[in-house]
Structure formats: structure tokens, C-alpha cells
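Read through the structure below, which is laid out as C-alpha cells, and then see the notes.
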Amino acid sequence: MTQTFNLGRAIRLTLLSLGALIFLAPYIFMISTAGKAQSEIFTSSLSLIPTQFFYLENFAKAFGRVSMGQLLWNGVVVCGLIFVFQVVIAIPCAYAMAKLKFGAARLLMALVMLGLLVPIHATSLPLYVAFDSAALLNSYTALVAPFSISVFAIFLFLQFFRAMPDDLIHAARLDGMSELGIVMRVIVPNAWPAITAFAIFSVVAHWNDLYWPLIVVSNQAYATPPLGLLFFRAAEAGDDYGALMAATLIITLPLVAAFLLAQKRFVEGITMTGLKG
Amino acid sequence: MADMTAISIPAEVPRQKAPKPIVPRPIVNVSERHEARVAWMLAAPAMILIVLFIVAPVIAVITLGFTDFELGYSTFKFVGFENYAELFGDRTFRQSLWNTAIYTAIVAPASILLGLGVALLIESETVGRSFFRTAYFLPVASLLVAMATVWQYLLHPTIGPVNSMLAMVGLPGPNWLGSAGTVLYSLSMIGVWQTVGFNMILFLAGLTAIPRDLYSAAEIDGAKSPIDRFFLVTLPMLGPTTVFVTTISIINAVKVFETVKTLTEGGPNKASEVLLFTIYQEGFVYLRVGYASAMTVVFLAVLVVMMFAQYRLVDRKVHY
Amino acid sequence: MSALSITNVTKSFGDNHILKGISLEAEAGEFIALVGPSGCGKSTLLRIVAGLEGADSGEIVAGGRDLTRLVAAERNVAMVFQSYALYPHLTAGQNIAVPLAMRNLTSLQRLPMIGSMLPGQKAIRKDILRQVTDMARSLKIDHLLDRKPGQMSGGQRQRVALARAMVRQPGLFLMDEPLSNLDANLRVHARGEIVDLHRRAGVPTLYVTHDQAEALSMADRVAVMMSGSLLQLAAPEVIYDDPAHIEVAKFVGQPRINTIASRVDADGAVTLGTWRLQPHERLVPGTDITVAIRSEFLSIADMGTPGLPAHIERLEFLGSEVIVYTKLDAIGESMVVKLAPSDARGLVAGKPVTIVPQGERLMVFGADGARLRADLTFTTLLERAHG
């Protein structure tokens, strides 16, 4: 029934709006405080609009202490490399498991299941020791290599490929394509929904990851955004919240902007990776 | 963003074998052998990397847990269960386990219930659906370290807006992140704020997947009020989603690290020591790799237990 | 007083008029099929009667009770859905028990655990269990009561859905394409079963389907709907033999009725190609009309016999009958003829023949699609025009 109680609806909307306000409050204060002078912040007034606009000064400080451009670039490079490796390695493997018969399929499935259980936190100690002895700390290699294999990607693509009709592959074989050709020209073009979903999942996860970069990177030149922000906070002794908020704003913005622009894809991606996972 | 890699339990479905056509044997063998060889080639890079970055390190961490290995020393020896014995008596570790449990006990239920509540409200509302969805989901897409910094400002004891607001209505504001009594709850609050949107999205997907006909049938069967229909249709139909969301919420809560590292470094006075932070400190700051490995094994054991719990629950309870 | 009366029900979504004033009466124990192409509004009408959707205007009275302003739960109607809408988390037995539990137990008594400890509910539960078992036995599904819908076949699910609908003796029975998810064999079998059940229950039934054969074979009366209007409500024979509207004539019957567009001549006669037909009653000269005849009322004769010259295009052998596709020589219109196999002997594609209609079976429809009763007075094919 489409009839709505007006009272019920009013309560519902009030609840939703109040909740939304609470959830958005940090963003509102972040934007507001990034434009306030140190002195104004210390009056602890609740006014959201700065009395004098200090945005330029705060942003200048943020860009001055830590190379923000370098941080964002590192983030893009690391996330981009990780995603490319993950997809290039996972798709052929998932295809073989889904559509080809071979003896190791069961063993591989067991490995994937095991892998899904093990987060980076559990493997970081030996990996750190290994990267340390190979003198690879403070490098893109150290940041990217452990994530080049994503068992989750294999798992997600495996489920997606299983749902693809076998006839499609048989037809491609009769047309004379090699198995690699089938992967590139039949499977990948039909797997875009899964690939985009995984891209969102992967980029969000690795853009935000602090644990592993914190372990292998001590040199600012290789810092990813979260790690860079940590460095910035350390350099910014005291409570210069204006500059700090300006820095957080810069670092948060790319992913938030991407999310706002491609909301539908984000939600679909999260739903797909979430529910498959 | 929640890391979901640790969750899945697909029932492994063996590929159905097609009945073999009656063809002279050698031909079958050639084509089958060819198929197997291609499959191997396609799967080899993934297999090697799984062994290199997952299997070997897990074996290594279990082995290291039985040694006194410290980074910087070239030699180490096996010490049996000594590390585990030490863990047992380690006040910091026990505190850390306890704090993680408390944090999980707050964040998981709160973010599940709020996520479900928000999803139900949004689903039944026609106005502003996408706005509300965006608003609640935004924290999931935001850099947690950055947003934690914002929360630090919001919760600042003297200049923070939260305490300013409390002061306006005449309430004394606590030192949210600075006192041992409140720090864990403040972190939990941030944790809830960060994960509600994720759970909401999954619940929304679960809700849209419920066939409309079931609600119609329920109305005709005599479920007059929306509450009757909620218990007859919505809640049972959300069963699989709920089990999944619960596992993922618990596992993510157990893995809390970013906020602790950014805001409190486990302090004050170890009041916010959590499992991953303690492992990080022991392993990468004090470089006691052997000892930290033993902790890691405990951490892994917790995850494995969670997974099996979910496995059993899905198998038994929510199978249609 | 009729058992169900629907009066002037309208419904629109914005500019889209789904129902344009539908009125319909059903007698006690009557089985009425609502049939029409998808989008004609038949399902919407059913959902409005059920109380699942509100009408913009109009009235629904059943058993002397005005239902218009009651919610679905209070209308005492039962419904079988196309998807069956069984609760997947409940067993067949629990599914069938839901309508009884919802009505006879309070919400407190329905609570799991706590509910079963409250006083007074034990007897009710026992009674519910007895009714469920009786119902299941009469539908021969008592061995399925502990299974969940996911573990049942389509046919079994359909029976459980029927049982759930019938178990509480509703005042009105609604079915929304309940057979369309079954395979062809099962469907024919299930038709008979539903008619049987209906006869035993004696409850007025509205049955929505898009399958005209299903409607004709099952219903006491058939209501044909097209784009929001009720075109005709009559017994199946009447619908078939004496359609009130060209759309009804086209929708009902397989193969589709043959139609030829034409115009009334100045003298009130009708020209079909080289042929002129003279109705007894005068038609208004100059109006557009459609002449229609069913394929079984055409026969095929040798070339030269008085009739419509045509060529055979294709033959379809269906066992008990043969469908002959032809094209009229004069106007290029297709004509489909249904013959007994013995009458089709010697016919081959490409052969020139003459088609002979039974004059009294020709029907004439006006430009608005309504039947022009003038056709009853057609006598025979008249003079042969020159050329």
C-alpha cells in the first residue's frame, strides 16, 4: 500500500536527517576549520563560517610541510600497480579454475580459501624480515608486491566466470582462438561489471591502508596518503588544527570526489564484492 | 574501507563431469592433456604468488612463534612454547585482548543494528533516498586516518566542538581520547561511525532482493501491521545477509588499528591497547619478531574460529 | 445479490490509465477468468480486489460487505501468486499455517519460545495443525509438510500455495497466473485440479491469465480486458462464437481469426476483392469495417468453384487437423484455413484453390472495433464482379 501515515513519515524523516547530520558533521567541521586561523580555533566558537578566511594560509602550510603532491602521486602509483597486478594475475587463474579441467584445481581452490582467511596483518612479520634482508624497504616494490596476488579477486572472478555459459567458450574455440585469446577477447570484455566492482574494492582498500606502508616505509618519498598524514601530524607538533584540517581535506578529497561522481558504481561494487565475499 | 578479504565461505561446487563421449582413447587424452597444460600455465603465476606471499609467510609466522628471533640478531633458537607461556602472563597482551573484545562487543552490534535501522528507514522512504545513502556511506569511502584526525579535533577536550556544545547546555565535557576511562568508548564511537554505512549498503541490497510478492502474500495472510510483516517476511529473509554482515563486522572490529595508531598509540596507560597495535609494537618497534609471531598466531586463531562459527551458522540456520 | 460486485473501478499512474472504469459481477461459486494481453490491467484489478493496491475510485462489495476501505488482511480473500510467494524460510506446513496463525493467535502468542508458553494457545495451535494436515491430505501433499520450498518441485510448490490460500475458507478466491510457471504437461493437468478444487470450495473465484485457452477451458465466464477496459464478459462459448469486439475475436482462438479490412459501398454492400457481399440489414455507406471469420469455417475447393480464389503458401500438419496458410489472389490478404486431415489430401504449397466461407459465420466489426450485428443477415456470396 502506498498510503503513508504522515506522523510516521515525519518521525522517519527526522531520524534520517538527524543521523545524516551526525554522520556529515566531521566533514562540515573539517571544511570549516580548514579556513580558520589558529587564534579563532582556540576561541572554540561553534561558528561554522570563519571570521576571517584563512584557507590560503592553511593550505600553504599543508603543502609546505609535506609534499602533498608526492603523497597523492604515491597513492595513485601504488593503488594503480596493485590493481593491475591483481587483475592480470587473477583473471587467467580464475578462468582456468572455472572453465578448464586440470588436476590442481582442487588444491588451488583450497589455497584460495586459505588465503581468504589470512589478512596482511598475519603475514607482515615474515614479509618484513624478507624485504629487510633483501634491502627492499622504502620502495614501491615493498608497497606493491605482497598485494600483487589477491585471492579475493580470484574468488570473485571465479564466481563470475562460472556463471558464464560454456557455449560461449566452445564457440570461441571452434572459431580458432587460443585459451589466452579467449581470456583476452571473450572473458575480459564480458567481465567488466566484476572488474569495476573489484577495482573499487581494491583501490578503496589500498588507498586507505596504513598498516603495511607504516611497516615498510620510513622515507617520506615513498609515503602513501595515510602514512604521509601521519608524518605531517608528527611534524606539526602542537595543535595547529587549521593546517591539519587543510591537509586532511586534501588527502580525503580524491577518493570522496571519486565516490560522489561514481556513486552508483561504488554502491554496486561494494554490494557485489561484499555479498560475493 | 573494510577489508573483506577474510570472509568468504563458498561451498565448493565440484565441476560436473560431462559424460565422456565414446571416442578412441588417444584423442581424448591429447585434448585433455592439452587443456590441463594450458590451465597450469594460466594458473601458475597466481599459484606461485599465493605460495610466496601467503602460504610461506603463514608457515614462517607459525615457526617464528616458537623461536626467540629478534630483528638485528643474526642467530635465533627454538624455544618451544616459551613465547606462548610469556603471552599468558603478559599484562599488556591480556589488556590488549580484553580491549579488543570490548571494542568488538560495542562496535559490531552497534554498527549492525544501526546499519539495519538506517537501511529500513531509507528503504521505506521515498524522498531523498540517494542523499541519505550517500551521507551514511561517505565515511566508508573516506580515508580513515584523515577522518580520525578530524575526530581528534572534534573531541579535543578544550577547543573541540563536541565539548563546546556540551558546555552550551551546561554539561562538563570529558577528555574523550585523553582519559583511560573514556578512550576505548570514544574509539568505538568512531569505529561505529565508520562502518554503519558499509553495513547499511549490504542490508539495502538484502532488502531489495526480497520479492515484493512475499509482502503481498503476508498482507493477504493477515499480517496487518508493518511490524507483523517485518517479523514474517523481512527479518527471516535478511537472515543470510545478517550472518554475513555480522561476521564481517566482528572481523573488522578485531582488526582495529588505524584509529588507535593515529589517535592514541595505545594510551593513555594502555587503556586503548588493541591486538594489532600490540603486535605492531612488539614486532616492528621493539623488533621482537618471535614473540610478536606468537601473538599473530593467536590473532589468526581468533579469525579462524570466527570463520568456522559463520560456516556452521550459514549451514544450519539460514539455509532455505 | 451477487457474491462479488466490482463497480466502476478506475486506477491511473499519472497519465497512464491502467483501469478505465471496470464493473463486474460474480455469482456465488462462480469461476471468472480475467484474460487479456500483458499490460491490459487484469493483474492490477486483481490486486485492487485483494486490497494490495488502492483504486482511485469505484467500489468493491463481496458477500454483502463493502471491502473498498478495508486493508488486505481484513478482506478475507485468498490469493495464489504467479511466483507462489511461499515464505522460503518456513516449511510447507508452516507456510500453510501462516494465515491461520495470523488470524487466530495474538501477536504475543506468535512469538517464538515465549508464545508457546502462554496460556490458551495450545488448543488453538492443535486446531491449526489439524486444519493444515486436513488441507494437505486433500491436496495430496501431506508427505511434503516438513520440506522447505527450496526442496520442492514447481508443481509441489504450486499445491502448497493453493493449500495456503484455501486453508482458511476465504470469502473470495484470487489467482494471478498460478500455472504460468509450470511446464506444459503439468499445466494441463493442474487446470483440471484447480477447477475441481474450486467446485469443492464453492467460493467465487477471479482467475487472471494471459492464456486464452486456459480461460476458455476453466472458467464459467470469461472477462476479456484490453488496455484498461472490459470488452466482454460472457460464457466461453459466447466469447468464442459471438465476440462483441474485434479485439476479443482476435485474442481468443487458435489460429487467430481471419480478418479483412474493407469499406461499406454506396449501396450498403461490402466488396471483398472481386467479391461483393450483401447484408440483409443496411450498413452505413462509406464506413470502414472489418470482416472476420474463424479458420474452421472456411473450406477449400477446387479452382473454379464459386468463392475466393487463392494460392496455398504453406501447410502445417498437426495430427488431428491441418492448418493451411493461403493468400487471396485479388487483395493479397492472408487467410488461414483449418481442415480435417482427410479434407487436406492433395493440397500442396503453390496450388491455386478457391476458399469457400460459411456465410452465416462471417462477422462484421465497425471502425471502433465493436461488433455490427448486421453480419447475422449475410446470406451468401453474391454475383461475380467482372474482371
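The values are calculated or read from the model by the stated rules, or taken from the named source; none is laboratory data. This is a predicted model, so every value here is computed, not measured. Counting neighbours? That spans all protein chains shown, and the Cβs are built from the backbone with ideal geometry, glycine included. Remember, those area values only see protein heavy atoms, side chains included, never the ligands or the DNA or RNA. Shrake-Rupley method; radii C 1.70, N 1.55, O 1.52, S 1.80 Å.
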Taking the range B:272-292 and the residues there that are outside any helix (DSSP H, G or I) and open to solvent by 10 Å² or more (accessible area, probe 1.4 Å), the one that is farthest from B:Pro57 (Cα to Cα) would be B:Glu273
_Would you confirm, using the coordinates I've provided, whether C:Ala92 is within 20 Å of C:Gln169 (Cβ to Cβ) and more than 11 Å from every other protein chain (Cβ to nearest Cβ)?_
yes
Screening B:Ala301, B:Ala205, B:Ala209 for residues that are in contact with a Ser or Thr (Cβ under 6 Å, 6 or more places away or on another chain), surrounded by fewer than 19 Cβ atoms within 10 Å (Cβ to Cβ) and not β-branched (Val, Ile, Thr) leaves only B:Ala205
Within the range A:187-209, restricting to residues that are open to solvent by 40 Å² or more (accessible area, probe 1.4 Å) and in contact (Cβ under 8 Å) with a residue 12 or more places away in the chain, the one that is nearest to A:Thr252 (Cα to Cα) is A:Val203
For the range C:358-370 the number of residues that are closer than 13 Å to C:Asn258 by Cβ and open to solvent by 20 Å² or more (accessible area, probe 1.4 Å) is 2
A careful count of residues in the range C:169-218 that are in contact with a helix residue (DSSP H, G or I) (Cβ under 7 Å, 6 or more places away or on another chain), open to solvent by 40 Å² or more (accessible area, probe 1.4 Å) and assigned to a helix (DSSP H, G or I) gives 5
Per the filter on the range A:68-91, residues open to solvent by less than 10 Å² (accessible area, probe 1.4 Å) and either among the hydroxyl-bearing types (Ser, Thr, Tyr) or in contact with a Pro (Cβ under 7 Å, 6 or more places away or on another chain) (or both) are A:Leu71, A:Gly75
Only unsatisfied item for B:Ser74, checking (1) more than 19 Å from A:Leu125 (Cα to Cα); (2) part of a loop (DSSP other than H, G, I, E, B); (3) of a type in the set (S, T, N, Q), is (1)
Okay, helices (runs of 4 or more DSSP H) sitting entirely in the range A:13-129 with 2 or more residues that are among the basic types (Lys, Arg), I get A:55-65
Check your understanding: Somewhere in the range C:143-153, is a residue open to solvent by less than 50 Å² (accessible area, probe 1.4 Å) and hydroxyl-bearing (Ser, Thr, Tyr)?
Key -> no
Check on A:Ala94, in contact with a helix residue (DSSP H, G or I) (Cβ under 8 Å, 6 or more places away or on another chain) and either at the interface with chain B (Cβ under 9 Å from one of its Cβ atoms) or open to solvent by 10 Å² or more (accessible area, probe 1.4 Å) (or both): yes
- Check whether at least one residue in the range A:137-144 is open to solvent by less than 30 Å² (accessible area, probe 1.4 Å), in contact with a Ser or Thr (Cβ under 8 Å, 6 or more places away or on another chain), in contact (Cβ under 8 Å) with a residue 40 or more places away in the chain and not in a loop (DSSP other than H, G, I, E, B), and report yes or no. yes
Within the range C:49-72, of all residues that are within 22 Å of the chain's Cα centre (by Cα) and not hydrophobic (A, V, I, L, M, F, W, C), the one most open to solvent (accessible area, probe 1.4 Å) is C:Glu53
(Q) Condition first: more than 9 Å from every other protein chain (Cβ to nearest Cβ) and closer than 30 Å to A:Phe53 by Cβ. Can you find one or more residues in the range A:161-171 that meet it? (A) no
Subset of the range C:314-326, residues farther than 10 Å from C:Ala340 by Cα and surrounded by 15 or more Cβ atoms within 10 Å (Cβ to Cβ), comes to C:Leu315, C:Val324, C:Tyr325, C:Thr326
If we ask which residues in the range B:38-71 are facing chain A (nearest Cβ under 8 Å), farther than 23 Å from A:Ser150 by Cβ and not in a loop (DSSP other than H, G, I, E, B), their number turns out to be 1
Practice prompt. Answer yes or no: is there a residue in the range A:152-161 that is under 24 Å from the mean Cα position of the chain (by Cα) and free of Cβ contacts under 8 Å to residues at least 24 places away in the same chain.
Written response: no
Practice prompt. Would you mind stating whether A:Met272 is open to solvent by 30 Å² or more (accessible area, probe 1.4 Å), more than 10 Å from every other protein chain (Cβ to nearest Cβ) and assigned to a helix (DSSP H, G or I)?
Written response: no
Exercise. Would you check if there is a residue in the range C:250-263 being more than 28 Å from C:Cys40 (Cα to Cα) and either open to solvent by 20 Å² or more (accessible area, probe 1.4 Å) or at pLDDT below 90 (or both)?
Key: yes
Scanning the range B:136-158 for residues that are more than 7 Å from chain A (Cβ to nearest Cβ) and open to solvent by 30 Å² or more (accessible area, probe 1.4 Å) gives B:Gln152, B:Pro157
Picking from C:Thr44, C:Thr68, the residue that is in contact with a strand residue (DSSP E or B) (Cβ under 9 Å, 6 or more places away or on another chain) and either hydrophobic (A, V, I, L, M, F, W, C) or closer than 30 Å to C:Glu237 by Cβ (or both) would be C:Thr44
Does at least one position in the range B:243-255 carry a residue that is open to solvent by 20 Å² or more (accessible area, probe 1.4 Å), modelled with pLDDT under 90 and either part of a loop (DSSP other than H, G, I, E, B) or within 14 Å of chain C (Cβ to nearest Cβ) (or both)?
no
Only one of B:Leu177, B:Leu171 is in a loop (DSSP other than H, G, I, E, B), at pLDDT below 85 and either within 11 Å of another protein chain (Cβ to nearest Cβ) or crowded, with 19+ Cβ neighbours inside 10 Å (or both), namely B:Leu177
- Item | Check on A:Trp212, open to solvent by less than 40 Å² (accessible area, probe 1.4 Å) and in contact with a Cys (Cβ under 8 Å, 6 or more places away or on another chain) | no
Considering every residue within the range B:126-135, establish whether at least one is of a type in the set (S, T, N, Q) and buried (at least 23 other Cβ atoms within 10 Å of the Cβ). no
Note on the range B:195-230: residues polar (S, T, N, Q), facing another protein chain (nearest Cβ under 10 Å) and in a helix (DSSP H, G or I) are B:Asn199, B:Thr208, B:Ser216
- Query: Within the range C:29-48, is there a residue that is part of a loop (DSSP other than H, G, I, E, B), farther than 21 Å from C:Gln212 by Cα and open to solvent by 40 Å² or more (accessible area, probe 1.4 Å)?
  - Reply: no
Discussion item. With the structure loaded, tell me whether C:Arg276 is part of a strand (DSSP E or B) and at pLDDT below 85 or whether it fails that test.
Written reply: yes
